[in-house]
Amino acid sequence: MTPTTEGNRTVTQQRREVLVVLFDGMQSLDVTGPVEVFAGAALASGTPYDIRTASLDGHPVRTSSGLTLLPDLPLPNLAPTPSSDTSSAPSGSAPSTTPAPSGSVAPLGGGAAPRGRGGYPLLERSRELGGGRARGRPARSGPTPPPALSPPAAPEGPTPPPSPYTTPHTTLLVPGGPGTETLDPRLTTWLRRNAPHTTRLVSVCSGALYLAAAGLLDGHRVATHWHVAARLARTHPKVDVDPDAVYVRDGRLATSAGVTAGIDLALALVEEDHGRDVALTVARHLVVFLRRPGNQAQFSAQLSAQTAQRAPLRDVQQYISEHPDADLSVETLAARAQLSPRHFARAFHAETGTTPGRYVDRVRLEHARRLLEDGPDGIACVSRACGYGTPEAMRRAFVKALGTAPAEYRRRFRSTAPTA
């Protein structure tokens, strides 16, 4: 444990374990993004993160992009033991392993950690802090995995003995990806039994579905990929799903939105561990924001509200989509459907899951997004074409819904295709 001073506060540095769960169909960037952040923080701070990857049986997993990842070990039992002395461990437990040296990073797949060369900013930062050079475990010469944190966790049979190698500073990270469409009950059971014994429980993207299935998210506010936010809220009503957040910290629970948002969350965790200077050094090296502006909604797919069943209401929806600049008050829309305003509002909500006013707001917002992304018109012209009337009214709508102004949205998302 090494105290360092940052500003007016003391940041205590201590060795931490990061155990990353791997499974077939996971998104590779959900793992490699956060792992690069933690590995960079180890170099920048001179204080180690012992990063290990694990799958249910220790076998290689195939990611959604077709990459094959070789785990470091089978998923271990994380239950604490009274002593780390393996002489008292139950018969069959793994022999003791030598702790990683100070400043080490046990990298993804067991290969050597990145070593600095001249001008490498993280290495320079490490030297400024007086930290040691980050050293990885030797690269494997064959398929034999490195020493495990604990005995393999067999999917069937007796529970394996507790691991004597985990520390009180373990971060457990569960990625997401298409593999969460069908959850493996063995992994759900492992999470239910072992996640309570970690310091921080982290999910990236749709990995929150696994944590929810294990009963670990009830009563907590969480983030997940916008594509599965509605599914998570529907299947787990005790979970408070924030569909727009890039990441959420709730006690020892940390959850992020989709894919690259895992990098944002990992940077926030590094800031907790080592302070802002180290986190900022890593963010600059990775060429990302330390805190990205706006929220997840700016990346979500365009309008996906349910289509009404009755023809008059469907006709109203089509009219709204084709005329976002028109008078779209409830009274006007009700007249088109030949219903009273009260009856129209009730029927519209029952069949689409939203109110007429909110539906109009969403249509106008999505229309404005498309024009800003692909069209040449200025902000004032776009605001009139989408029914906002003034640029200020459109700016308020964008900030409320997306967390960013129209001009900034256009800078980030405007098409880069060459013009004819």
**Message:** I'd like the residue in region 251-263 that is out of contact with any Lys or Arg (no Cβ under 6 Å at 6 or more places or on another chain) and not hydrophobic (A, V, I, L, M, F, W, C) and, out of all such residues, is farthest from E36 (Cα to Cα).
**Reply:** G251
**Message:** Quick test of your reading of the structure: H285 fulfils all but one of (1) in contact with a Phe, Trp or Tyr (Cβ under 8 Å, 6 or more places away or on another chain); (2) outside any strand (DSSP E or B); (3) within 18 Å of P34 (Cβ to Cβ). Name the failing condition by number.
**Reply:** (1)
**Prompt:** On the given criteria, is V259 crowded, with 21+ Cβ neighbours inside 10 Å, closer than 23 Å to S64 by Cβ and modelled with pLDDT under 95?
**Reply:** no
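Within the group A334, A254, A368, which residue is among the small types (G, A, S), modelled with pLDDT of 90 or more, in the same structural domain as T47 (by TED's automatic domain parsing) and not in a loop (DSSP other than H, G, I, E, B)?
The conditions single out A254.
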**Prompt:** Do we find that A266 is within 36 Å of the chain's Cα centre (by Cα), under 30 Å from V18 (Cβ atoms) and at pLDDT below 95 in this structure?
**Reply:** no
**Fill in**
Taking region 208-229 and keeping only residues that are touching a strand residue (DSSP E or B) at 6+ places or on another chain (Cβ under 6 Å), outside any helix (DSSP H, G or I) and over 24 Å from R16 (Cβ atoms), one is left with R221
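Among the residues of region 196-207 satisfying the criterion of being touching a residue at least 40 places away in the same chain (Cβ under 8 Å) and outside any loop (DSSP other than H, G, I, E, B), which is surrounded by the fewest Cβ atoms within 10 Å (Cβ to Cβ)?
Initial filter on region 196-207 (touching a residue at least 40 places away in the same chain (Cβ under 8 Å)): 197-207.
Those still in the list that are outside any loop (DSSP other than H, G, I, E, B) too: 197, 200-203, 205-207.
Numbers: H197: 16, R200: 19, L201: 24, V202: 27, S203: 32, C205: 29, S206: 28, G207: 28.
The qualifying residue surrounded by the fewest Cβ atoms within 10 Å (Cβ to Cβ) is H197.
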**Prompt:** Looking at this structure, is F348 farther than 20 Å from T390 by Cβ, surrounded by 14 or more Cβ atoms within 10 Å (Cβ to Cβ) and at pLDDT 95 or above?
**Reply:** no
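Scan L19, L43, L70 and give me the residue that is at pLDDT below 95 and of a type outside the set (F, W, Y).
On the way: L19 fails: at pLDDT below 95; L70 fails: at pLDDT below 95.
Selected residue: L43, the only one of L19, L43, L70 that is at pLDDT below 95 and of a type outside the set (F, W, Y).
The values are calculated or read from the model by the stated rules, or taken from the named source; none is laboratory data. Computed from a predicted model, the values in this text were never measured in an experiment. We place every Cβ from the backbone using ideal geometry, glycine too, and count neighbours over all the protein chains shown.
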